[in-house]
Amino acid sequence: MSKRKRQSVKPTVSPQIEWLKHRTGYPSPEERKAIIELRKNLSSELLMMMFTKVSPESPRAQALRKKYDGAEIKRALDKMGEGLKMPSFVSDGARSYRDYRQRYARFGAGLKFYTSAELDDLYIKHAEELMEDDNEMAQLLLIGWRDWDDITPPAIPPRPADFSTPAPASYPAPINELLEWGDDLKRSHDFAGEAEQTQWKKYIPALTRMALDPGLLRGWPSEAANWAPWHAIHALGELQAWESAPALASLADLENDWLSDHLPHIWADMGMEVETSLWVILEDASASTKRRGLAVQSLQMLSEDHEALESRIIKGFEKILKNEKNYDPALNAYLLFYLKEMEVLDEVRETAEAAIQQNRVDEKIFTPEDLDDDYDDDFDDDDDADFDDDDEN
């Protein structure tokens with residue numbers, strides 16, 4: 001009696017989509033729909049593999065490489081990497097509104113441009129409509145745009161005649177190039193050498209004005225110049241312009257904030273010299289909680305970059321937490337959150353417990369349970385690195 005050969009299960013190959021073979025122009029509506037579906041499936045499979053810690057060398061990973069186009073795998077990993085970057089705990093709304101401005105600038109023709117407050121309301125309505133087949137809010141908000149931004153013709157919204165904003169100031173060369181970079185948020189100036197960097201440092205006051213220019217901050221998103229404040233604050237970070245830190249703090253209070261989540265990173269890039277300015281921002285009781293919380297986050301980041309500062313920062317945070325007469329519960333919650341990020345809660349446990357017991361901590365932000373939770377950093381940012389290879393199957 002002959003033995004029957006067991007048949008191996010072959011991986012299901014994604015449907016052949018003609019546009020994926022040449023990637024020129026734009027796909028047909030039918031191809032576009034198929035590509036979006038393919039990308040959703042690919043992202044779901046990648047996420048599942050990452051969270052279940054599937055080895056990139058495993059048969060499952062190899063099958064995924066055979067199933068999907070290599071360029072699509074790379075694109076999915078890049079998009080997922082962007083999405084997994086955590087927004088600022090203090091200013092998470094700024095990232096959301098910036099993302100909205102960016103997608104509206106490219107595809108918002110015929111749609112209303114919403115304020116930050118209006119956007120928040122629409123997101124709530126969107127969540128309520130998620131189970132409906134025709135989600136009108138998703139269309140208004142351009143939800144899921146990163147699945148189709150490269151396969152959909154631009155629909156750039158012109159500035160409405162009734163859109164009013166102050167006229168922006170003029171800026172000298174060489175920094176006026178930032179006015180032309182638009183919403184390419186990964187772009188930065190590549191300094192040719194120390195001499196050019198020194199030349200740019202002469203324009204720190206002008207770069208600070210550009211970052212705070214109301215005509216640019218409140219400008220029409222599809223016009224390139226109105227993204228210049230983003231490029232200006234990052235240039236100030238690269239130039240370690242610590243003297244501009246106090247002025248930049250006002251971005252936290254912008255009505256339609258689309259920048260402040262990056263302030264802690266910008267400030268930390270300015271080096272140890274910025275520390276004094278950050279304490280001034282933090283200890284200003286008349287300043288907004290958001291502004292002070294961003295200073296807390298930046299000080300925590302400084303402690304990671306400069307170990308010599310860690311002890312002083314911990315003591316400074318604890319001093320504020322101990323104040324029983326003049327305190328801000330939300331600020332105290334941010335202090336505890338970032339002390340936890342530093343993995344030093346045990347050093348201030350008595351102070352932290354007293355603040356919580358005396359109701360001096362906003363428990364909507366930091367709960368008593370947070371005090372005891374183990375620091376969890378199980379997700380390895382490098383887990384996805386090896387899925388991206390040169391194989392363009």
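Using the Cα gyration tensor of the range 251-337, with a ≥ b ≥ c the square roots of its eigenvalues, what is the shape: rounded (a/c below 1.5), prolate (a/b larger than b/c) or oblate (neither)?
Oblate.
Just to confirm the filter: which chymotrypsin sites (Phe, Trp or Tyr not before Pro) across the range 156-241 are DSSP coil and have at most 15 other Cβ within 10 angstrom of their Cβ?
The qualifying sites are 163, 191.
For the range 88-162, calculate the relative contact order in percent as a whole number, restricting contacts to Cα pairs under 8 Å that are 6 or more residues apart.
Answer for the range 88-162 is 47 percent.
With just the Cα atoms defining each centre, how far is the range 228-272 from the range 77-119? Give it in Å.
18 Å
Please label the shape of the range 78-170 as rounded, prolate or oblate, based on the square roots a ≥ b ≥ c of the eigenvalues of the alpha-carbon gyration tensor (a/c under 1.5 means rounded; beyond that, a/b larger than b/c means prolate, else oblate).
Verdict is rounded for the range 78-170.
Under 8 Å for C-alpha pairs, at least 6 residues apart: give me the relative contact order for the range 232-381, rounded to a whole percent.
About 18 percent, as a whole number.
Does anything in the range 244-286 have its amide N under 13 Å from the 7 Å Cα→Cβ label point of residue 129, and if so which residues?
Inside the label zone: nothing.
Mind scanning 33/79; 33/74; 290/322; 201/340 and naming the pairs with a C-alpha gap bigger than 26 Å?
201/340
Can you send over the carbon and sulfur percentage of the accessible area for the range 288-364, probe radius 1.4 Å, protein chains only?
Whole-percent figure for carbon plus sulfur exposure: 40.
With a 10 Å cut-off between alpha carbons and a GNM built on the chain, which of 269, 372, 183 moves the most?
372
Accessible area of the range 62-204 with a 1.4 Å probe: how many percent of it is carbon plus sulfur?
It is 52 percent, rounded to a whole number.
Can you tell me how the range 138-193 classifies by the Cα gyration tensor, rounded, prolate or oblate, using a/c under 1.5 as the rounded cut?
Cα axes put the range 138-193 in the oblate bin.
Helix 289-305 versus the longest principal axis of the chain: what is the Cα-based angle in degrees, 0 to 90, to the nearest 10?
80 degrees
Longest segment of the chain with no GluC sites (Glu not before Pro) in a DSSP loop having at most 12 other Cβ atoms within 10 Å?
Within the chain, the longest run free of exposed GluC sites (Glu not before Pro) spans 133-254.
Counting only heavy atoms of the protein chains, get the accessible area per residue of the chain (1.4 Å probe) and round it to a whole Å² value.
Value for the chain: 55 Å² per residue.
Once fully extended, how much extra length lies between residue 37 and residue 280, figured as 0.36 nm per residue of separation less the alpha-carbon to alpha-carbon distance?
82.4 nm
Given a 1.4 Å probe and heavy atoms of the protein chains only, how would you sort 99, 162, 284, largest accessible area at the top?
The most accessible residue leads, giving 162, 284, 99.
Once phi is turned into ³J(HN,Hα) by the Karplus curve 6.51 cos²θ - 1.76 cosθ + 1.60 with θ = phi - 60°, what whole-Hz value does each residue of the range 100-117 show in order, with x for glycine and proline?
Per residue, the Karplus-derived 3J(HN,Hα) values read 5, 4, 5, 6, 5, 4, 9, 9, x, 4, x, 10, 6, 9, 9, 6, 4, 5 Hz.
The values are calculated or read from the model by the stated rules, or taken from the named source; none is laboratory data. None of the values given here were measured: they were computed from a predicted structure. Reconstructed Cβ throughout: ideal geometry from the backbone, glycine too, with neighbour counts over all protein chains shown. In case anyone asks, the SASA skips ligands and DNA or RNA and just uses the protein heavy atoms, side chains included. Shrake-Rupley method; radii C 1.70, N 1.55, O 1.52, S 1.80 Å.
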